[in-house]
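Here's a structure for you.
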Amino acid sequence: RGLCTLLKQPTMTTKRRNAGRSKPAHSRGRTRPCHCVNCGRLTPVDKAIRRFTVRNMLDQASARDVAENSTVYNDGFPLPKLYLKVRWCVACAIHARVVRARPYEKRKIRYTSKQRFVAGKN
């Protein structure tokens, strides 16, 4: 018992607290892969950068034409929207500026909710 504690090797340093994944440590051995929307690369679903986007199905000019020629949509009934859960691999998310590379000290800050812009603060 005493010999084992003397021969214990030091643990390696880690770059990120969650090792770049959102699964808890020692919980699931493997998670299902998902395709990146930009390049199609297979990325573990807990490592992929996820954003929920809501977009209009039509651009403004087309929506105006549809509303003028429709009996339903010109009475104030809203046009349907696209609700998409978009997943990027890390390389495409950095390239598309969805996420940014941060300095070592700022990597520790975890953003759990949307950051609000406050005028006058930088």
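Mind running the shape call on region 51-102? Use the C-alpha gyration tensor, a ≥ b ≥ c as the square roots of the eigenvalues: rounded below 1.5 for a/c, prolate if a/b tops b/c, oblate otherwise. The partial results should precede the final answer.
Details: a/c = 4.78, a/b = 3.38, b/c = 1.42.
Prolate shape, in that a/c is at least 1.5 and a/b is the bigger ratio.
So between A19 and R51, what do we pick up on full extension, going 0.36 nm a residue minus the alpha carbon distance?
Values: separation 32, 0.36 × 32 = 11.52 nm, distance 2.02 nm.
The span from A19 to R51 would gain 9.5 nm if fully extended.
Take the Cβ-Cβ distance between V86 and D59 as r, set R0 to 25 Å, and report the resulting FRET efficiency rounded to the nearest 0.05.
0.85
Beta carbons within 10 angstrom, averaged per residue: use that to sort the peptides 67-73, 105-111, highest first.
Put in order of decreasing packing, that is 67-73, 105-111.
Per residue, how many Å² of accessible area does region 47-90 show with a 1.4 Å probe?
77 Å²
Past the 20 Å Cα-Cα mark, which pairs from K47/K81; K23/K47; K23/K108; K15/K85?
With Cα atoms farther than 20 Å apart: K47/K81; K15/K85.
The values are calculated or read from the model by the stated rules, or taken from the named source; none is laboratory data. Just so we're clear, the structure is a prediction, and the values are computed from it rather than from any experiment. Note that each Cβ is placed from the backbone with ideal geometry, even for glycine, and that neighbours are counted across all protein chains shown. Heads up: the accessible areas ignore ligands, DNA and RNA and are worked out on the full protein's heavy atoms, side chains in. Shrake-Rupley method; radii C 1.70, N 1.55, O 1.52, S 1.80 Å.
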